[in-house]
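Comments concern the structure below.
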Amino acid sequence: MYVAVLREGRSVRYELRRSVPLAGGLGFETLADLGASPGRMVRFDRFGISYAEELLEALARLDLDMDALDDAFAPFAPSGFTGGGGRGGTWKRTVPTRAQEDAVLALSPFDRRRMAYLRSGEMSLGRIDNVSPKLFLRLLGKGRDEIEQLFMRMEASLPREEARHYVHASFNLQRHFTSLTARTMPEALDQTKLDEAFMHEFCLLYHDPAFGFGLSGGAKGYLKRYACLHFDCDFPVTDGFAKIFQDFMNDFRRHRPRPKPVAPERVRALFGMGMAEIRNMTRREFARVFRKKAMAMHPDKGGDHDAFVELLETYKRIVSSKPE
């Protein structure tokens with residue numbers, strides 16, 4: 001059960017709805033028309049939530065769960081409202097069942113990418129199937145209308161300067177580009193090509209009947225807001241040098257495990273000489289020895305791949321300790 005926000009031109013109207021099963025998926029039914037203000041139907045005070053007789057009479061025939069009704073109106077509660085103590089309790093760990101995991105994978109990747117960005121701010125979401133299914137459990141059992149109403153409420157707190165990043169991640173626009181900047185800095189991409197990529201992905205969803213299942217006109221009305229976010233919002237203005245410097249400092253601060261010491265017996269087996277002899281060599285002399293061994297051990301020459309990798313890694317460790 002949820003309160004749907006319906007924008008009709010400049011006016012706003014509210015309806016109490018719930019998702020219902022249809023042949024082939026989920027749709028919705030309207031339970032009550034709340035008019036221009038749901039506040040006239042509900043009151044929040046220190047004793048909890050109470051409802052107008054008009055609303056209770058309209059819902060009497062449905063035998064609804066009152067806790068579900070409270071949850072539907074919870075987003076409209078004033079700041080600091082606790083519902084007379086709330087329905088808290090002991091925290092329990094959420095462990096998705098196999099059926100829930102399968103249901104999450106069946107959700108639209110667009111829905112999962114939207115939720116992942118809004119919950120984490122992560123922009124590179126090309127591998128959305130690898131994200132923990134726990135993040136998407138609240139999307140299960142909801143029809144398209146209820147899902148879109150949920151995202152509209154969540155997006156209301158999205159900072160405007162993040163709007164373009166949100167659209168970029170949600171529509172997975174990075175897949176249209178080979179540049180690494182497409183994952184984290186879409187503002188550096190060719191904006192004309194970025195617009196084309198957006199329109200391609202937008203049209204796929206716009207004309208997808210499965211995505212708009214359960215809505216009389218499909219999801220077109222709900223999707224239009226993303227076109228507005230993409231074309232009406234700008235990427236945040238950032239100092240390119242400052243970002244590069246910050247990335248450098250963050251990389252400098254990142255912990256790196258101390259390299260394991262090179263075993264002398266492996267050095268002799270790989271290079272045919274001991275560490276004492278190698279220490280007396282210059283970098284250039286040791287590089288010659290390495291190149292000769294690498295040519296002989298290269299997989300293209302019939303050498304073992306793992307042995308070649310070990311030779312390369314051992315050379316890097318030794319040569320890093322040698323003066324220029």
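Scan F198, F171, F202 and give me the residue that is in contact (Cβ under 8 Å) with a residue 60 or more places away in the chain and of a type in the set (F, W, Y). Break it down into steps so the answer makes sense when it comes.
Details: F198 fails: in contact (Cβ under 8 Å) with a residue 60 or more places away in the chain; F202 fails: in contact (Cβ under 8 Å) with a residue 60 or more places away in the chain.
It is F171.
Residue-wise test of (1) part of a loop (DSSP other than H, G, I, E, B); (2) of a type outside the set (F, W, Y); (3) over 25 Å from P209 (Cβ atoms).
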site	(1), (2), (3)
E101	no, yes, yes
M115	no, yes, no
L118	no, yes, yes
S124	yes, yes, yes
K142	yes, yes, no
D145	no, yes, no
S157	yes, yes, yes
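Does any residue of segment 158-177 turn out to be among the hydrophobic types (A, V, I, L, M, F, W, C), over 15 Å from the mean Cα position of the chain (by Cα) and modelled with pLDDT under 95?
Initially, segment 158-177 is screened for residues among the hydrophobic types (A, V, I, L, M, F, W, C), giving 158, 163, 167, 169, 171, 173, 177.
Subset that is over 15 Å from the mean Cα position of the chain (by Cα): 177.
Imposing the further condition that a residue be modelled with pLDDT under 95 reduces the set to 177.
Yes.
So the check is Cβ under 6 Å with 6+ separation or different chains; which pairs have a first residue in segment 32-46 that's in the same structural domain as L64 (by TED's automatic domain parsing) and closer than 15 Å to L56 by Cα and a second one that's surrounded by 14 or more Cβ atoms within 10 Å (Cβ to Cβ) and hydroxyl-bearing (S, T, Y)?
What qualifies is L34/Y14; P38/Y14; V42/Y51.
One line per residue, one yes/no per condition, for (1) closer than 23 Å to M152 by Cα; (2) under 32 Å from the mean Cα position of the chain (by Cα); (3) in the same structural domain as L215 (by TED's automatic domain parsing):
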residue	(1), (2), (3)
E8	yes, yes, no
Y14	yes, yes, no
A23	no, yes, no
S50	no, no, no
L69	yes, yes, no
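Take segment 76-100 and flag every residue that is at pLDDT 75 or above and surrounded by 15 or more Cβ atoms within 10 Å (Cβ to Cβ). Walk me through it before giving the result.
Step one: list which residues in segment 76-100 are at pLDDT 75 or above, which gives 76-78, 95-100.
Scanning segment 76-100 gives F76, P96, Q100.
Pull up segment 261-280, narrow it to residues that are surrounded by 14 or more Cβ atoms within 10 Å (Cβ to Cβ) and charged (D, E, K, R), then point me to the one that is farthest from F308 (Cα to Cα).
Per the criteria, the residue is E277.
Does segment 123-130 contain at least one residue that is within 22 Å of D232 (Cα to Cα) and at pLDDT below 90?
Narrowing segment 123-130 to residues within 22 Å of D232 (Cα to Cα): 123.
Filter once more, keeping what is at pLDDT below 90: 123.
Yes, because at least one residue in segment 123-130 is within 22 Å of D232 (Cα to Cα) and at pLDDT below 90.
Does E161 satisfy the condition of being more than 22 Å from K220 (Cβ to Cβ) and out of contact with any Phe, Trp or Tyr (no Cβ under 7 Å at 6 or more places or on another chain)?
Working: more than 22 Å from K220 (Cβ to Cβ): yes; out of contact with any Phe, Trp or Tyr (no Cβ under 7 Å at 6 or more places or on another chain): yes.
It is true that E161 is more than 22 Å from K220 (Cβ to Cβ) and out of contact with any Phe, Trp or Tyr (no Cβ under 7 Å at 6 or more places or on another chain).
The values are calculated or read from the model by the stated rules, or taken from the named source; none is laboratory data. All of these numbers come straight from a predicted model, not from anything done at the bench. Cβ: placed from backbone, ideal geometry, glycine included. Neighbour counts: every protein chain shown.
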